[in-house]
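One structure is given here, and the rest of the page talks about it.
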Amino acid sequence: MVKDGIQNYPTSDSPNHDAFEGIVELYYEIKGYITSSGKWFWKKSDGKYQGGYQDIDVLAINGKETIIVSVSSNFDDKLNFSKGKINETKLIKTLDHFNRIEEYLNATNEYKWLMEGSRKIKRVLAVINAPKGYEKYSLIPETKEIEIVQVKEMITVINNYLEKYKKQQNENGLKTQNQTFRILQILNEKKMFTK
């Protein structure tokens with residue numbers, strides 16, 4: 001089924017094999033969101049016969065918000081910050097990426113509720129490191145189109161969570177199939193990473 005050149009049926013998550021995407025998912029889960037990742041869909045490109053595939057790296061959902069997260073280990077792959085400016089072409093391409101995801105969610109009856117009513121929709125670019133000064137670039141703060149979250153903030157939240165619940169985990173045990181969470185738990189126990 002196709003609606004306006006975009007897939008309009010739900011897809012299952014793909015297995016997450018990217019360690020950084022696993023950290024991003026865990027970060028939002030600890031903050032109380034239900035997450036979904038690796039949802040592939042297609043949209044017919046203008047002037048092209050075939051559709052182009054793309055995936056939703058991470059969706060984080062709670063009762064009030066839908067957060068669409070694009071995960072990139074390299075800030076410059078998405079925005080290319082140089083000489084105090086963000087590359088306009090890359091910014092437009094990144095915004096188009098978020099727009100296509102929102103279009104897919106709106107076109108799919110089973111997902112439409114994620115975009116409707118009073119729900120707040122956020123666009124997040126999760127990166128390992130962002131260059132200094134990028135936040136001064138006016139277009140992002142003024143339009144509030146994209147929020148940047150760096151891995152350092154995520155690891156701090158995860159580590160604080162592990163520290164807070166360490167006693168309960170030791171008393172009751174913590175069974176998890178989440179490989180990312182388990183390795184971070186081991187590193188925390190062995191004091192191998194700090195806040």
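Readers should treat all values here as calculations from the given coordinates under stated rules, not as data from a laboratory. Since the model is a prediction, treat every value here as computed from it, not as a measurement. Cβ placement follows ideal geometry from the backbone for every residue including glycine, while neighbour counts extend to all protein chains displayed.
Laid out as a table, the results:
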{"quantity": "Average projection area in nm² (convex hull over Cα atoms of segment 2-151, one quarter of hull surface)", "calculated": "9.5 nm²"}
{"quantity": "Label-to-label distance, nm, for residues given as Asp55 and Lys164 (7 Å Cα→Cβ offset)", "calculated": "3.0 nm"}
{"quantity": "Ser73, Ser82, Ser36 arranged by Cβ crowding within 10 Å, fewest neighbours leading", "calculated": "Ser82, Ser73, Ser36"}
{"quantity": "Members of Lys132/Lys164; Lys90/Lys132; Lys83/Lys152; Lys64/Lys112; Lys166/Lys190 lying beyond 20 Å, as alpha-carbon distances in this model show", "calculated": "Lys132/Lys164; Lys83/Lys152"}
